[in-house]
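A.B. asks: A single structure is presented below for examination.
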Amino acid sequence: MSDVSQREGAKREGKMSSLSRQQIGTVLAKQGILIAFVIFIVAFTIANPKFLSPDNLLSVVRSSAIIGVMALGVTFVVISGNLDLSVGSMMSFSTIVVLDLHDKIGPLLAIPTMFAMTLCLGAVIGFLVGYLKLNSLIVTLGMLSAIHGLTLTYSGGKNMDIADKEGTWFGFFGQGDILGIPVPILLFIALAAGLGMTLSRTPFGRKVYAVGGNGTAATFSGIPRARTVFYCYLISAACVATAGLIQASRSLGSQNTVGQGLELEVLAAVILGGASLLGGSGTIFKTVIGVLILGFIQNGLLLMGLQFYAQFVVTWIIIILAVWLDIAAKRGKLWSSFA
Amino acid sequence: MTDVKPVLRLEGIVKTFPGVRALDGLSFDVLPGEVHALMGENGAGKSTSMKVLGGIYQPDEGAIIMGDEQVVMNGPLEAKAKGIVFIHQELSLAEELSVAENIYLGELPRKSFGRVDWALLYERTDAILKKLKVGFNARTRVGDLSIANQQMVEIARALTVDAKAVIFDEPTASLTDAEKVVLFDVIADLQAEGVGIIYISHRMEEIFKITDRITVLRDGQYVGTVETKNTDEERVTQMMIGRKLDLSRNVSHHELGNVALEVRGLSCGKLYSDVSFEVRRGEVLGFYGLVGAGRTEIAETLFGLREPSAGQILLDGEEVRISSPADAIARGISLVPEDRKGQGLVLGMNCRDNMTLPQVDDLKAGPFMAEGAEVAIFDQYRDKLDIRTPGWKQRVGNLSGGNQQKIVIGKWLSMHPNVLIVDEPTRGIDVGSKSEIHKLLRGLAAQGYAVIVISSEMPEVLHVSDRIVAMYSGRVMRTFTSEEVTEDNLIQAISGLTDDRAA
Ligand SMILES: Nc1ncnc2c1ncn2[C@@H]1O[C@H](COP(=O)(O)OP(=O)(O)OP(=O)(O)O)[C@@H](O)[C@H]1O
Ligand SMILES: [Mg+2]
């Protein structure tokens, strides 16, 4: 009798403790980013009530648009199982080129020319990573520095400015608005919708997931792996060109280094959204969420009086947090028992 | 028997996943020194129950009892420390590491300051490998080994600890007959030491050869336990699937059409040379041989994955060069590859998307995927192949091994190929579904498809083929018709003994 009840007790106890511990771990790991986000929002709002005002919200979205547009393209690259660390330096290139050409051949020709040149850079990366199967980390890290050199050579090391800032319609993409909504936000929304549909509903999107999820199985299913990766980098480059256009149009003048460091913020947004660095998972919708979370946290910290440059540290901490939680969610616990 | 205390007992184990009750009150025990078979259809819950035992899943209800105590396994290493060793159905090795590192992963022998004691590691590993009589050593990189040899590495893991119970989940699925003999020796040794062994397999002949008792599961529920010596295949099948099976040799032939595929003097470096054969519409051509005989490589050449060094391939009488899998698919060739996890499936994708992957470009409504048509294809093959899954949205990685294999088969059947090549099509598939798939392959031939079946299971080739090509070490030894083939002359041919014609 007592033996049985004792065992029953042990059973229940053993189950309870192991289950609840595991469950808490899993929930924390899976929803960790959202929980952290909510805590941030609450803390920011208490610290500074302005945080949740419509004006501030709109300004957050607006300032996130450039990062956001680039993150959309990088989402394709990451899902295909690769990395793109060249987007920041490529954006500097686009910005400088379009500003320079604006005065030389006029905005109407400058914009398509800049897009074509940026797409060429994307094609080079796509060729090296897709067809030659070189490691994307090495290739895009190299391109980061190579494109920086290209930009400096192109501009002769000088900053670029549009001569007649009053007499051009070029400012529309960065400063204009339609029905009261800023154009950068509209561009971001339109691109997100278009690319979101492409990724989730077209054959090409399906191929991107297959190539990133299991490249060998994709090959065995007749999917052209190299071409798929190539197109992902073209999409990424097109997004970068759009971001460069917004940036150039917003300020009508720029330094050579406007995009410096943005590649990490972009990657942070994509990972925050939950795309796995191993490839095969992630969505455009999640990336948009990631972009917003990053934007709000950075804005909140600024409102709380954090120095602008401290943001770089904060971004890094956020990346680490996101990657850790991603791994923890897969393991189902926060600590690894391995040494 | 009642006086022997079981090494291990499961009591009323329940385990649910979203949408699936994988285990529904499972109870059974394992005695020391017995080989206990666990049988059931694909998705019956065999692997899941073993994962509960191995500490990979926590049960929702029920208890695991070892000796007199109830135990809770919080993880694989804890289970191993308690003496439960689990050899997985799906290989779980680190390809970049050496054999020795894989075997002792997580518990490498240490010297001072945490340095790994390599000499001791290699010495211990080589001692184990010697017992297993394998042809590689402790320093070999696992990625360089064949699937069968990787399986042997998994098995070697079992021998590193003082095991109380060892679980083999379909260990022979990719082993040759010779390797099986070694495995059964290992099992006999463990048995003699009083270790309790749980053995999962779909192969009846093995079950009746080495096990003492058989426990049958159906839909996560316990059906019953029988003594192996008091039962037979028919009764066990009846317990598993509730009906009998036809396991006879193929005698029927369909009307043959023209030659769909002809291969003349095909060679590919050292892999195989001077291979010639033809398949007609309406015919099933079997390829039988030992692992490494070059059969898979021929299939890969026909599918555009390898470039032949000499010879011709003719489709419908016309010579073709097949440059890529996409090219092969466009020409109406399908290949069900031998490694479902590595080559057949994207595990993170759902069932439907996996099944329609080769035809994504053809299933369009405007610029978008025609998702309705995709679901229709999935439903059709789920019913045809009896795939057990809560729905098309389930990740393929969450399906049981056999059901994963069925997804791969469905994927290629749904392409309606002219030439269907299947490489080890029923690996890991339960007896009931196996005979369904055999029937299906025969039926496809009857509809005018040309079918090539590569298999290492003699009953399978004998059962489905109209003609059988016997291969040995990259060469065609002989082509048999189903009238002239016997088990003996087939075995002779694939062992490289050429005097069988004279005999
Ligand atoms: N992680 C998981 N998530 C969701 N469902 C799962 C998971 N693991 C297993 N299942 C489901 O549980 C059921 C039992 O699966 P299990 O792998 O135990 O079958 P099995 O008897 O080993 O089959 P097989 O002979 O095909 O290997 C299946 O329906 C499977 O789809
Ligand atoms: Mg299984």
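A.B. asks: Only counting other Cβ atoms within 10 Å, I'd like B:LYS209, B:LYS15, B:LYS406 sorted with the fewest neighbours first. Write out the running numbers ahead of the final one.
C.D. replies: On the way: B:LYS209 12, B:LYS15 22, B:LYS406 32.
Ordered from fewest to most neighbouring Cβ atoms within 10 Å, B:LYS209, B:LYS15, B:LYS406 come out as B:LYS209, B:LYS15, B:LYS406.
A.B. asks: Which value, in debye to the nearest 20, describes the size of the charge dipole of the protein assembly as shown about its Cα centre when Lys and Arg Cβ atoms bear +1, Asp and Glu Cβ atoms bear -1, and nothing else is charged? Write out the running numbers ahead of the final one.
C.D. replies: Working: 78 positive and 87 negative charges, 375 e Å.
In total the dipole reaches around 1800 debye.
A.B. asks: How much of the DSSP beta bridge set in the protein assembly as shown is antiparallel, as a percent to the nearest 5? Write down the numbers at each step before the final one.
C.D. replies: Values: 50 of 86 bridges.
Looking only at bridges with both residues in the protein assembly as shown, the antiparallel portion is about 60 percent.
A.B. asks: Here's something else I'd like to know. Computed FRET efficiency, Cβ-Cβ of A:LEU134 and B:ASP144, R0 35 Å: what is it to the nearest 0.05?
C.D. replies: Given R0 = 35 Å and the Cβ-Cβ separation, E is 0.90.
A.B. asks: Let me ask something additional. Using only Cα atoms, locate the centre of region B:333-385 and the centre of region B:424-501, then give the distance between them in Å, rounded to an integer.
C.D. replies: Measuring centre to centre over Cα atoms gives 27 Å.
A.B. asks: Quick one: work out the % antiparallel among DSSP beta bridges in chain B, nearest 5. Present the calculation step by step, with values, prior to reporting the outcome.
C.D. replies: Numbers: 46 of 82 bridges.
Taking every DSSP beta bridge with both residues in chain B, the antiparallel ones total about 55 percent.
A.B. asks: Which listed residue (B:LEU97, B:LEU159, B:PRO109) has the Cα farthest towards the positive end of the charge dipole for region B:59-180, taking +1 on Lys and Arg C-beta and -1 on Asp and Glu C-beta about the Cα centre?
C.D. replies: B:PRO109
A.B. asks: Between A:LEU302 and B:VAL259, what is the label-to-label distance in nm when each label sits 7 Å out along the Cα-to-Cβ direction?
C.D. replies: 7.5 nm
A.B. asks: If N is the number of residues in region B:8-241, what value comes out of its Cα radius of gyration divided by 2.2 N^0.38 Å? Walk me through the numbers on the way to the answer.
C.D. replies: Working: Rg = 17.9 Å, N = 234, 2.2 N^0.38 = 17.5 Å.
In units of the 2.2 N^0.38 Å rule of thumb, it is 1.02.
A.B. asks: Could you work out the mean projected area of the convex hull around the alpha carbons of region B:259-502, in square nanometres to one decimal? List each step's numbers first, then the result.
C.D. replies: On the way: hull surface 53.2 nm².
Averaging across all directions leaves 13.3 nm² for the Cα convex hull.
A.B. asks: Name the lysines eligible as straight-distance cross-link partners of B:LYS133: C-alpha to C-alpha under 22 Å, and not fewer than 8 places from it in the same chain.
C.D. replies: The reachable lysines, counting only those whose Cα sits under 22 Å from B:LYS133, are B:LYS180, B:LYS209.
A.B. asks: Rank B:GLY19, B:ALA79, B:VAL181 by how far each Cα sits towards the positive end of the charge dipole of region B:8-241 (+1 on Lys, Arg Cβ; -1 on Asp, Glu Cβ) and give me just the farthest.
C.D. replies: Projecting each Cα onto the dipole axis, the largest value belongs to B:ALA79.
A.B. asks: Further question: PRE reach from B:ALA81 (point 7 Å along Cα→Cβ): which of region B:117-144 fall under 19 Å by backbone N?
C.D. replies: No residues fall inside that zone.
A.B. asks: Can you tell me the FRET efficiency between B:THR16 and A:ASP164 if r is taken as the Cβ-Cβ distance and R0 is 56 Å, rounded to the nearest 0.05? Mind dumping the intermediate values first?
C.D. replies: Values: r = 70 Å, r/R0 = 1.25.
In this case the efficiency is close to 0.20.
A.B. asks: Now for a different question. Out of all DSSP beta bridges with both ends in region B:8-241, state the antiparallel percent to the nearest 5.
C.D. replies: Details: 23 of 40 bridges.
The antiparallel fraction comes to roughly 60 percent.
A.B. asks: Further question on the same structure: Modelled label-to-label distance, B:ARG306 and B:ALA373, 7 Å Cα→beta-carbon offset: nm?
C.D. replies: That separation, rounded to one decimal, is 3.5 nm.
A.B. asks: Considering region A:34-331, what Rg and Dmax in Å follow from its alpha-carbon atoms?
C.D. replies: For region A:34-331, the Cα-based Rg and Dmax read 19.0, 59 Å.
A.B. asks: State, as an integer percentage, the relative contact order of region B:327-451 based on alpha-carbon contacts under 8 Å between residues 6 or more apart.
C.D. replies: Working: 157 pairs, mean separation 43.6, N = 125.
Reported relative contact order: 35 percent.
A.B. asks: Largest first and in whole Å, what are the equivalent-ellipsoid semi-axes of region A:78-216 based on the Cα gyration tensor, each being the root of 5 times an eigenvalue? Numbers along the way, then the final one.
C.D. replies: Values: eigenvalues 190, 102, 24 Å².
Over the Cα atoms of region A:78-216, the semi-axes work out to 31, 23, 11 Å.
A.B. asks: If you don't mind, there's one more thing I want to ask. Could you work out the relative contact order of region B:8-241, using alpha carbon pairs under 8 angstrom and six or more residues apart, expressed as a whole percent? Before the final figure, lay out the partial values.
C.D. replies: Details: 433 pairs, mean separation 70.0, N = 234.
Relative CO of region B:8-241 lands at 30 percent.
A.B. asks: When you have a sec, figure out the Kirkwood radius of the protein assembly as shown from all distinct Cα pair distances and drop it here in Å to one decimal?
C.D. replies: On the way: mean 1/r = 0.0330 Å⁻¹.
Result for the protein assembly as shown stands at 30.3 Å.
A.B. asks: Same structure, new question: For peptide B:343-351, compute the average count of partner chain beta-carbon atoms within 10 Å of each residue's beta-carbon. The partial results should precede the final answer.
C.D. replies: Details: counts 7, 5, 5, 13, 4, 10, 8, 0, 0.
The mean count of partner-chain Cβ atoms within 10 Å per residue comes to 6.
A.B. asks: Starting from the Cα gyration tensor of chain B, multiply each eigenvalue by 5, take the square root, and state the resulting semi-axes largest first in whole Å.
C.D. replies: Over the Cα atoms of chain B, the semi-axes work out to 39, 27, 24 Å.
A.B. asks: Want the number for B:PHE184 to B:ALA330: 0.36 nm per residue separation, take away the alpha-carbon distance, what's left? Spell out each step's value before the answer.
C.D. replies: Working: separation 146, 0.36 × 146 = 52.56 nm, distance 4.49 nm.
That works out to 48.1 nm of additional length.
A.B. asks: What is the Cα centroid distance between region B:1-68 and region A:160-212, reported in whole angstrom?
C.D. replies: When both Cα centres are located, 56 Å separates them.
A.B. asks: With +1 on each Lys and Arg Cβ and -1 on each Asp and Glu Cβ, and nothing else charged, work out how big the dipole of region B:344-475 is about its Cα centre, in Debye to the nearest 20. Spell out each step's value before the answer.
C.D. replies: Working: 15 positive and 15 negative charges, 26 e Å.
Computed about the Cα centre, the dipole is about 120 debye.
A.B. asks: Here is a follow-up. With a Förster radius of 56 Å, plug the Cβ-Cβ distance of A:SER59 and B:ASP60 into 1/(1 + (r/R0)^6) and report the FRET value to the nearest 0.05.
C.D. replies: Working: r = 49 Å, r/R0 = 0.88.
In this case the efficiency is close to 0.70.
A.B. asks: Give me the distance in nm between label points sitting 7 Å out from Cα along the Cα-to-Cβ direction at A:LYS50 and B:TYR122, one decimal.
C.D. replies: Reported label-point gap for A:LYS50 and B:TYR122 is 6.8 nm.
A.B. asks: Then there's this: I need two numbers for region B:264-327: Rg to one decimal and Dmax as a whole number, Cα atoms only, in Å.
C.D. replies: Reported Rg and Dmax, both Å: 11.7, 32.
A.B. asks: When the dipole is taken about the Cα centre of chain B, and only Lys, Arg (+1) and Asp, Glu (-1) are charged at their Cβ, what size is it in debye, to the nearest 20? Could you put the intermediate results ahead of the total?
C.D. replies: Numbers: 56 positive and 73 negative charges, 136 e Å.
For this selection, approximately 660 debye.
Values in this text are rule-based calculations from the coordinates and carry no lab data. Since the model is a prediction, treat every value here as computed from it, not as a measurement. Note that we place each Cβ from the backbone using ideal geometry, even for glycine, and neighbour counts take in every protein chain shown.
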